[in-house]
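Below is one structure, written out as structure tokens, with a few remarks after it.
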Amino acid sequence: MARTSPSTVTASPAASSPRDLLAPGGLCVIHQPNLFPRLTTLAKLFAADYWIVLDDVQFARRDYQHRARLAALDDPARQQWLTIPAHLPDGRPTLIRDVLIDDAVRARRRTRGMLRQHYGNSPHWPSLARALGPVLDAFATGRTATVAEMSTRVLLDLLGWQGHIFSSSRLAARPGRSQRLADLAATTGAGAYLCGTGGLTYLDPLPFTDHGIGVLPFQVPTVGLWQRARSLSAAHPLMLLGPERLGAELRDIASRHRRRMHSPPDDASVSGGGGHDGGRNHPRPHRELWSTA
């Protein structure tokens with residue numbers, strides 16, 4: 001994968017482990033590539049020091065790997081799916097990295113057209129329009145995962161993220177859902193793994209404990225711009241607020257999680273290394289203001 005900006009560094013096939021390149025002890029996220037991801041997803045990536053792109057698991061048509069929900073700036077209830085038509089060469093078992101774009105030229109044109117249609121009247125549209133070049137160029141690869149990952153990179157760069165990106169397909173890990181995630185996180189030397197709602201339903205913290213890695217539930221507010229954060233693409237609040245204001249919001253979320261990561265065991269939602277208790281003694285945020293994402 002090509003380096004797209006000073007803020008994003010990808011793994012080289014020659015590198016034995018990202019750990020050789022990174023300072024240990026940061027926050028790690030492992031997430032599938034999403035097309036112009038939702039705000040909850042983008043905020044989780046932004047809060048991390050390392051994003052491992054989970055590109056070697058089965059593609060899911062009903063997920064966000066090749067589609068994003070856009071909405072009118074003046075009426076967020078008026079929504080429309082932006083979808084990259086996907087062809088699965090191996091049928092249902094096709095891995096995310098192997099999914100092909102059905103008519104890449106048309107999909108490229110439609111992607112730019114729909115983004116402009118929904119957000120062209122925003123005073124912040126020029127910043128996004130200028131940044132779209134690498135996303136539109138990625139259609140030439142013919143792969144949905146490349147376009148989706150690049151769309152996320154562009155948003156992160158606009159917001160000033162300074163983390164590092166690696167691909168799971170280039171990293172060694174043992175089988176088993178939780179074991180594999182723990183092994184992948186360990187390659188970065190992470191001190192904690194940020195886990196969203198879906199992961200918390202199945203994640204076994206023991207493999208993370210074995211690596212000395214805490215499991216930190218990722219939490220976001222539920223009011224204001226976060227009311228639609230689980231459904232709309234982050235492009236929507238970006239075009240409403242602009243990169244500076246949205247970036248400040250996400251930096252605040254990230255700071256909260258860093259404080260929780262380093263808080264004492266009786267005030268942390270971390271399991272694993274350092275004797276953390278997995279959140280059993282952690283005071284939950286006010287239900288009306290925060291939720292696990």
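The values are calculated or read from the model by the stated rules, or taken from the named source; none is laboratory data. As the structure is a computational prediction, the values presented were derived from the model and not from experiment. Cβ sites come from the backbone with ideal geometry, for glycine too, and all protein chains shown count toward neighbours. Quick note on the areas: whole protein, heavy atoms, side chains included, nothing else; ligands and nucleic acids left out. Shrake-Rupley method; radii C 1.70, N 1.55, O 1.52, S 1.80 Å.
Some values worked out for this structure:
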item	result
Sole exception among (1) surrounded by fewer than 14 Cβ atoms within 10 Å (Cβ to Cβ); (2) on the phi > 0 side of the Ramachandran plot for Gly242, by number	(1)
Qualifying residues in segment 71-82 (those that are open to solvent by less than 50 Å² (accessible area, probe 1.4 Å) and in a strand (DSSP E or B)) - the one farthest from Met114 (Cα to Cα)	Pro76
Segment 214-237 - residue that is of a type in the set (S, T, N, Q) and within 22 Å of His124 (Cα to Cα) and, of those, most open to solvent (accessible area, probe 1.4 Å)	Gln227
Selection from segment 1-41 of residues that are modelled with pLDDT of 65 or more, in contact with a helix residue (DSSP H, G or I) (Cβ under 6 Å, 6 or more places away or on another chain) and of a type in the set (Val, Ile, Thr)	Val29, Ile30
Elements of type helices (runs of 4 or more DSSP H) contained in segment 118-170, each with 1 or more residues being without any contact (Cβ under 8 Å) to a residue 24 or more places away in the chain, open to solvent by less than 20 Å² (accessible area, probe 1.4 Å) and not hydroxyl-bearing (Ser, Thr, Tyr)	133-138
Matching residues in segment 44-64 - criterion: being buried (at least 23 other Cβ atoms within 10 Å of the Cβ) and either in a strand (DSSP E or B) or touching a Phe, Trp or Tyr at 6+ places or on another chain (Cβ under 8 Å) (or both)	Lys44, Leu45, Phe46, Ala47, Tyr50, Trp51, Ile52, Val53
Hey, Thr188 open to solvent by 50 Å² or more (accessible area, probe 1.4 Å) and closer than 21 Å to His257 by Cβ or not	no
Among residues of segment 94-148, those that are acidic (Asp, Glu) and farther than 27 Å from Phe166 by Cα, counted	1
Any pair with Cβ under 8 angstrom, 6 or more apart, that starts in segment 173-194 at a residue that is assigned to a loop (DSSP other than H, G, I, E, B) and ends at one that is among the basic types (Lys, Arg)	Ala173/Arg180; Arg174/Arg180; Thr188/Arg19; Gly189/Arg19
